[in-house]
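Read the figures in this text as sums done on the coordinates, not as results from a lab. Note that the structure is a prediction, hence the values are computed from the model and not measured. Because the Cβ atoms are built from the backbone with ideal geometry, glycine has one as well, and the counts that use them run over all protein chains shown.
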Amino acid sequence: MQGGVDRQDLRVEIPPEKFHLIEVITQENVVYEGIKFPQIRNTVDSLNYAQHEFQVRDEDVFNVTYPKSGTTWMQEILTLINSKGDLSQHKLIPSWERVPWVEQTTGRGFLENRPSPRLITSHLQAHLFPKSFFKTKAKVIYTMRNPKDVCVSLYNYCQITKFLECIENFAEFHSVFIKGDVIYGSWFDHVSGWLKMKDQATILLMSYEGMLQDPRGSVLKICKFLGRDLDDAAIDSVVENTSFIKLKNNQMSNYSLLSDEYMHHKKGSFFRKGISGDWKNYFTVAQSEQLDHLFQEKMKDFNLKEKFMWD
Ligand code: PPS
């Protein structure tokens, strides 16, 4: 990741006040270009900075996702590929500092002076992504997940945070999700926007389900895309230390560092189930069909269901 930068160096880059995500916890959203973003870590300024001012470098590697699609998992995979399986940063520095979100209020402080290669996360739709990216050789790994499981994971996440709009009734949440009236906008717009660029050599598509099915093969694929040649022991370390159970127990990736001000820790964990198909425990047949119809209409050009075995 930050090539030899230890925690001390990272601290020097970031003004102390930036460690506090926000002073007042609110469930309000900020609206930028018609899309809702959680106010806790996003402002019009931070989003505008990400889109128009942030200078992407050729060596940058982006972890891009719609929320709840495998973001944290990929943050850890990239960290460990970069360190060749060495665990020190993975155990010492929170994931949001190691692979920060460019669009968040902390993005500038974390990233601007960081040496290359930088590992960067983003939930931005393609049309809001840093403009400078498109003039560089920087790489994007875009990870997708079955939208039905994304819906369930996001629904549950909203119940345990104090900084996201919370709809307790699943039917109501499902309807809002289908309309795309959720944070980061419509899943369909997000995924289709990025898939339009899928044939570019600098973009790698991954799926959460593919990573579950073949974690080692997935890590090897990412290494190949990044031109990183790791030996077997290093690959083993990446795979083993990014398993659901290892991450659930790693304080630096499981969000237990966020105080009770931010999270209802007693209500549930960020690392909830980590499986595919949990939607079947939430969706009615009618809700499933409703999403299927929309999927058919909006994603017909991409052949995703067959490719990723989403049922
Ligand atoms: S966020 O808030 O957007 O950053 O969330 P994100 O990290 O994208 O997604 C969280 C979900 O990913 C699951 N997860 C994993 N599943 C399997 N294996 C591993 N290693 C793993 N790491 C994270 C996590 O449990 C959330 O899914 P659900 O379905 O809620 O359990």
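Brief remarks follow.
- Of every Cα-Cα pair in segment 91-184, the percent that sits beyond 16 Å: 67 percent
- Helix content alone sets the calculated 222 nm mean residue ellipticity of the chain: runs of n ≥ 4 DSSP H residues at -39500 (n - 2.57) each, divided across all residues, give -11000 deg cm²/dmol.
- Normalising the Debye intensity of segment 151-292 to I(0), with uniform scatterers on Cα atoms only, and taking log10 at q = 0.11, 0.20, 0.21 Å⁻¹ returns -0.57, -1.33, -1.34.
- Nearby aspartates and glutamates by direct alpha-carbon distance to Lys300 (threshold 20 angstrom, same-chain neighbours under 8 apart not counted): Asp149, Asp189, Asp199, Glu209, Glu289, Asp292, Asp311
- Solvent-free Debye scattering, log10 I(q)/I(0), computed from the Cα coordinates of the chain at q = 0.11 Å⁻¹: -0.65
- Among the GluC sites (Glu not before Pro) in segment 242-302, those located in a DSSP loop and surrounded by at most 13 other Cβ atoms within 10 Å of their own Cβ are Glu261.
- Amide hydrogen proximity for Trp101: with H placed 1.01 Å from N in the peptide plane, the residues at 5 or more positions away or on another chain lying under 5 Å are Thr121.
- Rounded Å value of the spacing that divides the Cα centres of segment 39-73 and segment 213-248: 23 Å
- The fewest-to-most ranking of Met263, Met197 by surrounding Cβ atoms within 10 Å reads Met197, Met263.
- Across the chain, the relative contact order, built from alpha-carbon pairs under 8 Å that are at least six residues apart, equals 23 percent.
- Lysine pair count for segment 72-197 (Cα-Cα distance under 30 Å; residues 8 or more apart in sequence or on different chains): 17.
- For segment 218-311, alpha-carbon Rg relative to the globular expectation (2.2 N^0.38 Å, N residues): 1.50
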